[in-house]
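For reference, the structure discussed in these notes is given below.
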Amino acid sequence: MLWLLCGPSRAMESHQVLVIRIKIPDGGAVDWTVHSAPQLLFRDVLDVIGQVLPDATTTAFEYEDEDGDRITVRSDEEMKAMLSYYYSTVMEQQVNGQLIEPLQIYPRACKPPGKRNIHGLKVNTRAGSANNSSSAVSDSLPSNSLKKSSAELKKILANGQMNEQDIRYRDILGHGNGGTVYKAYHVPSGKILAVKVIPLDITLELQKQIMSELEILYKCDSSYIIGFYGAFFVENRISLCTEFMDGGSLDVYRKIPEHVLGRIAVAVVKGLTYLWSLKILHRDVKPSNMLVNTRGQVKLCDFGVSTQPERISGEQYGIHSDVWSLGISFMELALGRFPYPQIQKNQGSLMPLQLLQCIVDEESPVLPAGEFSEPFVHFITQCMRKQPKERPAPEDLMGHPFIVQYNDGHAEVVSMWVCRTLEERRSAQGAP
């Protein structure tokens, strides 16, 4: 048996660089470094296989999925599916602190090659990583946990019917959390979507947040949680497709009247109660994560820092934190300003140390007497009590007089307010 000359595997310098390991029949392997992965075609791969195995005719090749099953690639479309799968595994490997493995392919119907040195190809005859300088897998990550995470992500990606070819991007809705959110049109269904596009060359912490958000969106099925249509990998980025809310987030609205705010509060409390029933903490309850539409629907979004069920310890402790955030959010929406005037908001995020100091050292803010109803004032006061155990439990929130009063199903109240506000905004901007 002839072995090709052994050389070190090339590090993946960025996600645009792809290392394809071509496995050959004698047990050796040739590493091919591709610097323009987005433009890679099925025919390009066959041409390189032809250089590696000049005495054989190859019309297809295979790769292994997470179960070890061989998947055959015979076209550009199947190439895209393979690359999408591979980039999903790369993301998991980075999140879990693992070494990044090359993409391994197996030429079909090939005869053993003669000894040959190929320009531009690196040879590797032993199993290894495409990045030898990376740190080893942390001992604190159990293998069953990694398998569960891997299986969960594959299930999410396989479940959706979304792909890049069917989406037409329109306006940019915003930036944040490592990516850009677009308003987009889904051609097959005719639906308008919100598509969050995130490059994979982001920090490890942001990658973990993306994984968390994907898993939670996939698990949730509630009319008070933003709808999730699917996710897909293309080249070096992941796209999350969710429901488009044409009213946007509540942080861009001015002071909201109490009769409207009450019905918004009902929807938010129902959304949080649903999450808590799944043992999920939102952990980032604020106006910018509450979306409305012109139909009067209100939905929670952005679960990047939410706590997953298996990580919750202490049955009620974490819930009380969400309850406090609920209270301060609705006080802000009622006043039209942040309740702690001495604290500035920085790009939609609170300054944690200053805010915590205010909570500890100062009295909790209260709504001005005479401007709001007694039930609403009491609701906010209870949610913002300093002692966590004194704040309402989920069942007490739904049974509070303020929530009961506005739990009447009159979504048209919110709808009319959203439509009127959007129209006023368009008029002020001089839009047609």
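The values are calculated or read from the model by the stated rules, or taken from the named source; none is laboratory data. Just so it is clear, the structure is predicted and the values come from calculations on it, not from any experiment. Cβ atoms come from the backbone with ideal geometry, glycine included; neighbour counts cover every protein chain shown.
For every residue, the table says whether it meets (1) of a type in the set (Gly, Ala, Ser); (2) closer than 20 Å to ALA81 by Cα; (3) under 35 Å from the mean Cα position of the chain (by Cα); (4) assigned to a loop (DSSP other than H, G, I, E, B).
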position	(1), (2), (3), (4)
ILE22	no, yes, yes, no
PRO25	no, no, no, yes
TRP32	no, yes, yes, no
PRO38	no, yes, yes, no
VAL45	no, yes, yes, no
ILE49	no, yes, no, no
ASP55	no, no, no, yes
THR59	no, yes, no, yes
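Counting residues that are of a type in the set (A, V, I, L, M) and at pLDDT 90 or above, which strands (runs of 3 or more DSSP E) fully inside region 160-223 reach at least 3?
Filter on region 160-223 gives 167-176, 191-199.
Looking only at residues that are in a helix (DSSP H, G or I) and of a type in the set (A, V, I, L, M) in region 368-383, which one is surrounded by the most Cβ atoms within 10 Å (Cβ to Cβ)?
Across region 368-383, the extreme among qualifying residues is ILE380.
Could you identify the single residue in TYR218, TYR229 that is surrounded by fewer than 19 Cβ atoms within 10 Å (Cβ to Cβ) and outside the structural domain of THR421 (by TED's automatic domain parsing)?
Among TYR218, TYR229, only TYR218 is surrounded by fewer than 19 Cβ atoms within 10 Å (Cβ to Cβ) and outside the structural domain of THR421 (by TED's automatic domain parsing).
In region 248-264, how many are surrounded by 15 or more Cβ atoms within 10 Å (Cβ to Cβ) and in a helix (DSSP H, G or I)?
The qualifying residues number 8.
Please work out which residue is nearest to LEU103 (Cα to Cα), limiting yourself to region 15-36 and to residues that are of a type in the set (A, V, I, L, M) and buried (at least 20 other Cβ atoms within 10 Å of the Cβ).
Per the stated criteria, the residue is ILE20.
For residues that are assigned to a loop (DSSP other than H, G, I, E, B) and charged (D, E, K, R), scanning just region 232-247, find the one that is modelled with the highest pLDDT.
The qualifying residue modelled with the highest pLDDT is ASP246.
For GLU213, work out the one condition from (1) in contact with a His (Cβ under 9 Å, 6 or more places away or on another chain); (2) buried (at least 16 other Cβ atoms within 10 Å of the Cβ) it doesn't fulfil.
(1)
Under the condition of being of a type in the set (Val, Ile, Thr) and either buried (at least 20 other Cβ atoms within 10 Å of the Cβ) or in a helix (DSSP H, G or I) (or both), which residue from region 72-99 is nearest to the chain's Cα centre (by Cα)?
If we take residues in region 72-99 being of a type in the set (Val, Ile, Thr) and either buried (at least 20 other Cβ atoms within 10 Å of the Cβ) or in a helix (DSSP H, G or I) (or both), then VAL95 is nearest to the chain's Cα centre (by Cα).
Of the residues that sit in region 336-361 and are of a type outside the set (S, T, N, Q), surrounded by fewer than 11 Cβ atoms within 10 Å (Cβ to Cβ) and assigned to a loop (DSSP other than H, G, I, E, B), which one is modelled with the highest pLDDT?
Applying the filter and picking the extreme gives GLY336.
I need every pair where a residue in region 366-381 that is farther than 20 Å from VAL323 by Cβ has its Cβ under 8 Å from the Cβ of a residue that is in a loop (DSSP other than H, G, I, E, B) and at pLDDT below 95, sequence separation at least 6 or different chains.
Filtered contacts from region 366-381: no entries.
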